[in-house]
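One structure is given below, encoded as structure tokens.
The values are calculated or read from the model by the stated rules, or taken from the named source; none is laboratory data. For clarity, every value in this text was computed on a predicted model and none was experimentally measured. Reconstructed Cβ throughout: ideal geometry from the backbone, glycine too, with neighbour counts over all protein chains shown. Keep in mind that these areas ignore ligands, DNA and RNA; they rest on the heavy atoms of the full protein, side chains included. Shrake-Rupley method; radii C 1.70, N 1.55, O 1.52, S 1.80 Å.
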Amino acid sequence: MFDLPDHEILPLSKQHVFWTWSAQAKVNPIAIKKAKGVYFWDVDDKKYLDFNSMTMCVNIGHGNEKVIKAMQEQAGELPYAAPGMTTKVRALASKAVAQITPQGALSKVLFTLGGADANENAIKIARGYTKRHKILTRYRSYHGASAGAMAATGDPRRVAWEPNLMTGVIHFLDPYRYRSTFHRTTPDISEEEFSRDYLNHLEEIILYEGPESIAAVLLETVTGTNGIIIPPNGYMQGVRALCDKYGILMICDEVMSGFGRTGKMFAIEHWNVVPDMITMAKGLTSAYAPLGAVAMKPEIAAAFDEHAFESGLTYTSHPISLAAAIANIEVMKEEKIVEHAFQMGSVLRRMLTDLGEAHPSIGEVRNIGLFGIIELVKDRKTKEPLAPWNSSSPEMSALKKYCTDHGLFVYTHWHTVLIIPPLIITEEELKEGMDILDNALEITDQAIK
Ligand SMILES: Cc1ncc(COP(=O)(O)O)c(C=O)c1O
């Protein structure tokens, strides 16, 4: 459709694009031209197995014809409508999202453009509803790059922008068993006691901060880039109970963990907890179009029945994005993609366990559904990470390079390797990627010898 020879894509991009999360002079992007299923191809026709669903978002896989057709038809019929109007897709998409929330309980939906503004709006709604200011979030978290979502973020991406961020966020510790601050001398403590210790920590912070000043606890149901931290038994139920006790709203950020990633539509279903709000994006359209959402209980929405919700977005409920979302949810149901992800979770667990046994540089592996991680260490006893906090190391860079050279697109974060493939991946495709990782891990094994 547009005229540019393949070999000119990269130089022209380098000339004009301002890149995110990058030192401008150091970027080296893959120039990509097509994608299908769990694979994509660069302009030199090199094929890559996508072990990160691009940005942990192409949940139903690349090139799904049904979603593409829905978007094309919507573009032809009505590409845009003003926020104060409504459309067929706005009615249907909000119903489709409401219906898949836990017990169908979050029946009011606000559409945004992505995850950060979903969290920004959830925070505003929580503040408006409770008439309280403070928001509690965890240190090992990422909630987005706009000023409020960045303030909510606990990890070092926030620190880079302080102090010019939204006020009122208090951070607390994550129930991260492998490196638990509270349990260095009691690593064998039961899961329930472990949860209790972290809930006591949260309650202490709630009391110190003053419950009457806290609007919401906002947390990634399963922590994503900060370590695939899977809540231990009793933890989510305990957070729910604390929120109920103190009149605080519970907001689950399911931007990454939602839409089948963990083997349930929303990760919070694993613990039978109904939060007050869920924020979502990524898998909502499987990234075929930009879209985020805040799903909330109707009583929260009702707080704005008589006075306006003073916020908005030109592109809220963009019809092309909503057409993608409706078709994406239909594909997930018709092709039983969430069930498949659940089953593949056991396959991934087995493969990860085998890798963990074979490679001394692996300290721990974890997964829930197709949300997996390998933690690399210098020494299994001391658990010293193979790259320092908020940094990389020559070994981690070499591992990543080996994977890229061998056609495996994988996300490495500090001392970890994340395994987040499209949910349609088969056992054979998963094995193909794990075999490349198996070879790549020889590099890190050698490094710690
Ligand atoms: C858990 C979580 N929340 C929020 C966001 C922000 O989403 P977006 O990049 O669409 O603004 C992300 C993005 O990676 C995320 O993983």
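Odds and ends about this structure:
- Qualifying residue in segment 48-60 (condition: at pLDDT 95 or above, within 21 Å of the chain's Cα centre (by Cα) and aromatic (Phe, Trp, Tyr)): yes
- Among the residues making up segment 279-305, those that are in contact with a Phe, Trp or Tyr (Cβ under 6 Å, 6 or more places away or on another chain), over 21 Å from Asn64 (Cα atoms) and open to solvent by less than 10 Å² (accessible area, probe 1.4 Å) are Ala293, Ile300.
- Residues considered: Lys34, Lys26. Of these, the only one that is farther than 30 Å from Glu428 by Cα, free of Cβ contacts under 8 Å to residues at least 40 places away in the same chain, open to solvent by 70 Å² or more (accessible area, probe 1.4 Å) and not assigned by TED's automatic domain parsing to the domain that holds Thr262 is Lys26.
- Only one entry of Gly363, Gly345, Gly356, Gly407 meets the criterion of being surrounded by 22 or more Cβ atoms within 10 Å (Cβ to Cβ) and of a type outside the set (A, V, I, L, M), and that entry is Gly363.
- In segment 1-23, the residues that are surrounded by 12 or more Cβ atoms within 10 Å (Cβ to Cβ), out of contact with any strand residue (DSSP E or B) (no Cβ under 7 Å at 6 or more places or on another chain) and within 30 Å of Glu429 (Cα to Cα): Ile9, Leu10
Listed here are the residues, each with its yes/no results for (1) assigned by TED's automatic domain parsing to the domain that holds Val365; (2) open to solvent by less than 50 Å² (accessible area, probe 1.4 Å); (3) without any contact (Cβ under 8 Å) to a residue 24 or more places away in the chain.
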position	(1), (2), (3)
Ala151	no, yes, yes
Val159	no, no, yes
Asp174	no, yes, no
Tyr178	no, yes, no
Arg196	no, no, no
Leu199	no, yes, no
Ile205	no, yes, no
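- Exactly one residue out of Gly283, Gly263 is within 14 Å of the ligand (Cβ to nearest atom), within 17 Å of the chain's Cα centre (by Cα) and either of a type outside the set (A, V, I, L, M) or outside any helix (DSSP H, G or I) (or both): that is Gly283.
- Only one of the listed residues (Ala98, Ala118, Ala145) is within 16 Å of the ligand (Cβ to nearest atom), part of a helix (DSSP H, G or I) and farther than 14 Å from Pro319 by Cβ. That residue is Ala118.
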